[in-house]
Amino acid sequence: MARRVEEPELLTTEEAFNKLNLDHLKPLAALLIPKPTGRKGEIVSLLSNAMRRPEQVRALYGQLDPLAQKAVRHATHDPRGRLHADRFAAHYGQLPGFAEPATKTDPYSDYDQHRRPTKLALFFPNSYHRDDQLPTDLRLLLLDFVPAPDEFSVPTAAALPQAFPLEVNHWEKDRPVTVTEQVPLRVRQTVREAEHDVKAVLRLIEASRVRVTNKKRQPTAASVKAVVQVLDGGDFYTAEDEKEVEDWEVSDLTIKAFAWPMIVQAAGLAEKRGDRLDLTAAGRKALTQRSAEALRAAWKKWRTTTLLDEFSRVEAIKGQGKGRLSALPQRRQAVVDGLAHCPPGQWIAVDDFFRFLRATDRDFVLAHDPWGLYIAEHHYGNFGDEGGNIWELLQGRYILALLFEYVATLGLVDVAYVPPGGVRNDFGDRWGADDYSTLSRYDGLLYFRVNPLGVWCLDLAERYEPPVMEAAKVLRVLPNLDVVASQAPLPAADRLTLDRFAEPQSENVWRLTAAKLLPLLEEGATVDELAEFLKARSEEELPQTVQVFLDDLKQRAGQMRDLGPARLIECRDAAVARLLAADPQLRDNCRLADERWLVFRTADEAAVRRALRRLGYVLPPQRD
């Protein structure tokens, strides 16, 4: 998953020092002897001999500061002796010093040759050329005594702060003033929400209330509003939150309500027919199975889908078609692998997760041509430069979108967040972003933790026991088979379920009828599903008349069993039909129907055909 780079050539100590000029060699030699003199070859010999002597190398290593020693440890135990600057900086928060602070600067030089090297530069001779690699013979010597580097452990917390300190700029007496506001942290435990939402959205689709666009198959604005109404706890952000961002570049804070129609399509639970979504056979089955099973299957499908690139939802970054974005499965796998190595049940700051991915070589490329990406104007604001905080703007925003919009929506991680405005100030110096308050709707995500459902979906546990969900007692089931809503307004998901199973009588009254239920049972619904729904939400036990009605319906629905499609063959002679039906090799597969008809399952056709040939008969071709 790591960024592909051109590997520097492997050099011995002498070869590495030989690549330097005299202006670079003399300051290095001065670290070993005072006022070194001589030609280049003599100084190279002095330096290379010193760095080949075990006792002197040990002494020099001991004189390094702690951060420099860590750098040597990382490079020594790298197969090619490289010090990977990005990983090291992510691990320790800074790079080691190869030179003392400058006393004379040249703002136009790539590397300031006037700075005095530190003793760390003796271990990395070509650090002058940004080539932080140990010479091969020096690395072998260091392996004898330099310990392996400490593994990076992502910082965790058992509890969260109550608020997030948000710096807010405003004008006071014609002068800009910065004040810090404490914004309350919002925490969502997503497992129960997701287990409710997946079936609520499927029922909404069953009711033909979700429409999508033609090309991208994304939910329409009206459908997004319909989905929000059936979500347990609503979307992550409220309508009031959106009112606060009407003047922002990013004014749409929809997350879960957009994600669900995309997830069910990617999972094969729904498909586009015309301009709306319809349930597939898998979607109808998901309505009758444990929600956790449907969520796990949907997550597995999402990891490989190409239906949507999560980064496309970071609309403020434009030119994504020209940026040659990398393959989705590899990007997702890098993040998923990182999640699988996070301690479950512990809160993790998003920025620490960023560090963890980079420090443990789980980095990934987002755009093969970042010059094509920009914020406001391509020529001035593109992302072609490799410096600054490009990683946080590109890879970081992709990770935020994946975590917040899909991993959290599916219930794998709990999340703690605030409104996104002003939370991440890593884009303010980009051309054209001066007036932006946020770069994406996901910028407010601050912490997450892998919950029990996430542990199971990430294949870290063999089984998952869903939490017991206490449904609100919002219904009264009457002996005359009427179901009355005792709470107004009734939760949208409950109303959809009643509309599905019962005949509406008025705004808050439904009636259970066999005429309504029998077509549903033919489509795969079950009486148990209805009974469990009524029992969980009824204020009292179900009346006996209702229980008898459900038991009788269940018994009648179980009187027949589908054995699959069959073929009906007519014989010209009733005697031949009886002869064939009684044949020892045919009687287990064929049945006599009326006097001259034989019937057998399509699945048994090959065996029936072979037996008929043995008897000298031919099975006619199947009619269209």
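Structure values in brief
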| quantity | calculated |
| --- | --- |
| From 46, 31, 25, residue being aliphatic (A, V, I, L, M), farther than 22 Å from residue 140 by Cα and surrounded by fewer than 20 Cβ atoms within 10 Å (Cβ to Cβ) | 31 |
| Complete set of residues in the stretch 403-418 that are buried (at least 23 other Cβ atoms within 10 Å of the Cβ) and among the hydrophobic types (A, V, I, L, M, F, W, C) | 404, 407, 408, 410, 412, 413, 415 |
| Residue match in the stretch 381-396 (condition: among the small types (Gly, Ala, Ser), buried (at least 20 other Cβ atoms within 10 Å of the Cβ) and either assigned to a helix (DSSP H, G or I) or touching a residue at least 40 places away in the same chain (Cβ under 8 Å) (or both)) | yes |
| Wholly within the stretch 527-624, strands (runs of 3 or more DSSP E) carrying at least 1 residues that are open to solvent by less than 30 Å² (accessible area, probe 1.4 Å), of a type in the set (Asp, Glu) and at pLDDT 95 or above | none |
| Selected residue (criterion: surrounded by the most Cβ atoms within 10 Å (Cβ to Cβ)) from residues of the stretch 318-349 that are in a helix (DSSP H, G or I) and basic (Lys, Arg) | 331 |
| Selection count, the stretch 431-461, where residues are of a type outside the set (Ser, Thr, Tyr) and open to solvent by less than 30 Å² (accessible area, probe 1.4 Å) | 17 |
| Only one of 271, 310, 315 that is in contact (Cβ under 8 Å) with a residue 60 or more places away in the chain and open to solvent by 20 Å² or more (accessible area, probe 1.4 Å) | 315 |
| Subset of the stretch 609-624 (residues that are closer than 14 Å to residue 565 by Cβ and in contact (Cβ under 8 Å) with a residue 12 or more places away in the chain) | 622 |
| Search result, residues across the stretch 163-204 that are polar (S, T, N, Q) and either more than 14 Å from residue 415 (Cα to Cα) or part of a strand (DSSP E or B) (or both) | 169, 178, 180, 182 |
| Filter result for residue 19 (open to solvent by 60 Å² or more (accessible area, probe 1.4 Å), over 18 Å from residue 139 (Cβ atoms) and either free of Cβ contacts under 8 Å to residues at least 40 places away in the same chain or basic (Lys, Arg) (or both)) | no |
| Qualifying positions in the stretch 483-515 - of a type in the set (Val, Ile, Thr), open to solvent by 20 Å² or more (accessible area, probe 1.4 Å) and out of contact with any Asp or Glu (no Cβ under 7 Å at 6 or more places or on another chain) | 484 |
| Any hit, the stretch 167-179, residues being open to solvent by less than 60 Å² (accessible area, probe 1.4 Å), touching a strand residue (DSSP E or B) at 6+ places or on another chain (Cβ under 9 Å) and without any contact (Cβ under 8 Å) to a residue 40 or more places away in the chain | yes |
| Residues within the stretch 198-224 that are within 28 Å of residue 467 (Cβ to Cβ), at pLDDT below 95 and touching a Ser or Thr at 6+ places or on another chain (Cβ under 8 Å), tallied | 2 |
| Inter-residue pairs, beta-carbon under 6 Å, first touching a residue at least 12 places away in the same chain (Cβ under 8 Å) and in the stretch 79-92, second of a type in the set (Asp, Glu), 6+ apart | 83/132 |
| Extreme residue, farthest from the chain's Cα centre (by Cα), among residues of the stretch 515-526 that are part of a helix (DSSP H, G or I) and not basic (Lys, Arg) | 515 |
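Results for (1) at pLDDT below 95; (2) within 23 Å of residue 18 (Cβ to Cβ); (3) open to solvent by less than 50 Å² (accessible area, probe 1.4 Å), shown as yes or no for each residue.
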site	(1), (2), (3)
80	yes, yes, no
101	yes, no, no
104	yes, no, no
112	yes, yes, yes
125	yes, yes, yes
130	yes, yes, no
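The values are calculated or read from the model by the stated rules, or taken from the named source; none is laboratory data. Computed from a prediction, not measured in an experiment: that's the story for all the values here. Here Cβ is always computed from backbone atoms with ideal geometry, including for glycine, and neighbour counts include all displayed protein chains. When the accessible area is computed, the model is the full protein with side chains, heavy atoms only, and any ligands, DNA or RNA have been set aside. Shrake-Rupley method; radii C 1.70, N 1.55, O 1.52, S 1.80 Å.
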